[in-house]
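Okay, so here's the structure we're looking at.
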Amino acid sequence: MAKDKKKIVLNKTKEGKHVNIFLIFTMVIVMAVLSLGSLAVPDREKSDNENRFLTQKPKFSVENVLEGKFETQLEDYLSDQIIGRENWIKIMSATLKSVGYKDVNGVYILDDGRLIERKTQSEFNSVRFKNNLDQIVEMNDEVSEAGTEVKVMLVPTAAHSYRDKANLSTNFDEGEAFTVARDTLGDMLIDLEDAFVPEDNTAYYYKTDHHWNYSGAEKGASVYRDSLGLSPKNWEAEELTKDFKGTLYSKVLLSERVRDTINVPEDSMDMKLKVSIGDEAYDSVYFMDRLENKDKYEVFFGGNYEKVDIVNEGSGSKAKPRLLIVKDSYANSFVPFILDDFSLITMVDTRYFRESVKDLALDGEYDQVLVLYSVSNFSEEKMSLNTSVLQ
């Protein structure tokens, strides 16, 4: 009997191996079919849902193969171009969430459906962060002699803001980043760290997007205006849409019922402005047609550009100061709150602006320079504030 029992166990083991081999073989076949099918259909250039350009077919070369670049590029290409990509993202996210994962595809999923962008310590570029701070100090040393005041606003991430309300311990040490900023910038820093701890259930960020929302931009504008010695101001909100699903939603494709509302300060809608973007001129900072697109945040200025000039043509505006903003996309929803405080606001995005920001500040005779970035983006930005990369 013992001998027979042993045979049964051995037979079960063999059957188990056969099942495992079958499952692995099936997965390989499925992935092969999907990959071949993806190669057979035309490549998509852009994902409207993710609001980004997709990896295109890599060029084969011996050099790329030997250096390992071709394999990496091919993997990214197949991942981006795979048939039914968005459905696979939904399946993966729903599966991981169902087994208790709260961190999916670089996004924290809170119990109320709120999505928060994740950035680990290894992803935070502390060297670049400090180098960018040092460049601001260098720029200030020169432009301050011409009477131009430099201020810096680093916007805390939603993960840092919600650090006491959810277990987001895998995120980078943002408190340390703010300490470094304080030590380096001194009085130039407009410190928002404590101001963005939620109180009375006030949310300063969109539920489905990494940007600050109306309340966040309003809070930032209030703190900034206070640093300039301006009288407090109350803004009335005007609703533009209730159907905004941001970039974090696109990463996980969950929280179908969660939508964000985009509001703007009411008085910014009717101001007399001349907004110059490249060779085009507009009379508003809002591009209402973008509300029909997936990325409705582009209603602010239509997106990001190398340089934008906003001239206040209202009565008495010529006597007001001139402001240069060095920015990321957080400034786009911030600027409408301060339009009436300046005669001219120029925004430059260092991802596209290739000239010297310092020279622009001096040549343009600006009264104020504001460097406005989220902490996360600031650590990624490869700045060149004091020299032109065109040289």
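The numbers here are math on the coordinates, done by the rules we state, and not lab data. All figures in this text were calculated on a predicted structure; none of them were measured in a lab. Here Cβ is always computed from backbone atoms with ideal geometry, including for glycine, and neighbour counts include all displayed protein chains.
Observations on the structure shown:
- Extension gain, ASP111 to LYS165: 0.36 nm times the residue separation minus the Cα-Cα distance gives 18.4 nm.
- FRET efficiency, ASP194 to SER126 (Cβ-Cβ, R0 25 Å, nearest 0.05): 0.70
- Low-density loop cleavage sites - trypsin sites (Lys or Arg not before Pro) in the stretch 124-172, where at most 14 other Cβ are within 10 Å (DSSP): LYS165
- Relative contact order %, the stretch 220-282, counting alpha carbon pairs below 8 Å whose residues are six or more apart: 30 percent
- In this structure, the residue pairs whose Cα-Cα separation is over 32 Å, taken from LYS251/LYS358; LYS102/LYS358; LYS242/LYS272; LYS130/LYS294; LYS165/LYS320, are LYS251/LYS358; LYS102/LYS358; LYS130/LYS294; LYS165/LYS320.
- Computed on the stretch 169-246, with alpha-carbon pairs under 8 angstrom and 6+ residues apart, the relative contact order is 22 percent.
- The residues PHE378, PHE334, when put in order of fewest to most other Cβ atoms within 10 Å, stand as PHE378, PHE334.
- Surrounding net charge for LYS272, when Lys and Arg each add one and Asp and Glu each subtract one, Cβ distance under 13 Å: -3
- Mean-position separation - Cα centroids, the stretch 236-292 and the stretch 328-391, in angstrom: 21 Å
- Our summary gives the stretch 115-380 a relative contact order of 23 percent, counting only alpha carbon pairs under 8 angstrom and 6 or more residues apart.
- Radius of gyration and Dmax over the Cα atoms of the stretch 115-380, both given in Å: 18.0, 54
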